[in-house]
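The structure appears below as structure tokens.
The values are calculated or read from the model by the stated rules, or taken from the named source; none is laboratory data. It should be emphasised that the depicted structure is a prediction, and the values quoted were computed from it without experimental measurement. Positions of Cβ are backbone-derived with ideal geometry, glycine not excepted, and every protein chain shown enters the neighbour counts.
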Amino acid sequence: MAILMIHDGEGDTLEHYDQLIQRLEQAGQGTPPGRLSHVTARKGGGYIVADVWESQEAFDRFAQVLAPLLQQVGVTPAQSQIYPVHNVITGR
């Protein structure tokens, strides 16, 4: 079952986010298996991330790669909110 993962990075900066994306790319995880979409938006002085994953298991596998990289760029891992997806409509 697909899931929606929302991470509130309000205590972090977009610079942290950009560093993290760069490290994920370097690790070959810029487009990890099972992630269907990824959106980041500015929120106050930080950011918010919304991902759609094909399953909780796919997200859990990625989280094992993500956790050490978060620490490397100085981001304190926060609890993400996970919701089961009811419907997805994609653009053209």
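Take the conditions assigned to a strand (DSSP E or B) and modelled with pLDDT of 95 or more and apply them to Ile6. Does it pass? Step through it out loud before you land on a result.
Values: assigned to a strand (DSSP E or B): yes; modelled with pLDDT of 95 or more: yes.
So Ile6 passes the test.
Kindly indicate the residue of the stretch 46-72 that is under 14 Å from Gln29 (Cβ atoms) and outside any helix (DSSP H, G or I) and also nearest to the chain's Cα centre (by Cα) among those meeting that condition. Checking each candidate, the answer is Asp51. Screening Gln19 on (1) loosely packed, with under 15 Cβ neighbours inside 10 Å; (2) assigned to a helix (DSSP H, G or I); (3) among the polar types (S, T, N, Q) shows it passes everything except condition (1).
Just one of the listed residues (Val88, Val73) is out of contact with any Cys (no Cβ under 6 Å at 6 or more places or on another chain), modelled with pLDDT under 95 and either among the acidic types (Asp, Glu) or surrounded by 15 or more Cβ atoms within 10 Å (Cβ to Cβ) (or both), namely Val73.
Quick one: in the stretch 23-44, of everything that is farther than 14 Å from Val65 by Cβ and outside any loop (DSSP other than H, G, I, E, B), which residue is modelled with the lowest pLDDT? Break it down stepwise before answering.
Filtering the stretch 23-44 for residues farther than 14 Å from Val65 by Cβ gives 36-44.
From what's left, outside any loop (DSSP other than H, G, I, E, B): 36-43.
Values: Leu36: 96, Ser37: 96, His38: 97, Val39: 97, Thr40: 96, Ala41: 96, Arg42: 95, Lys43: 92.
Filtering first and then ranking leaves Lys43.
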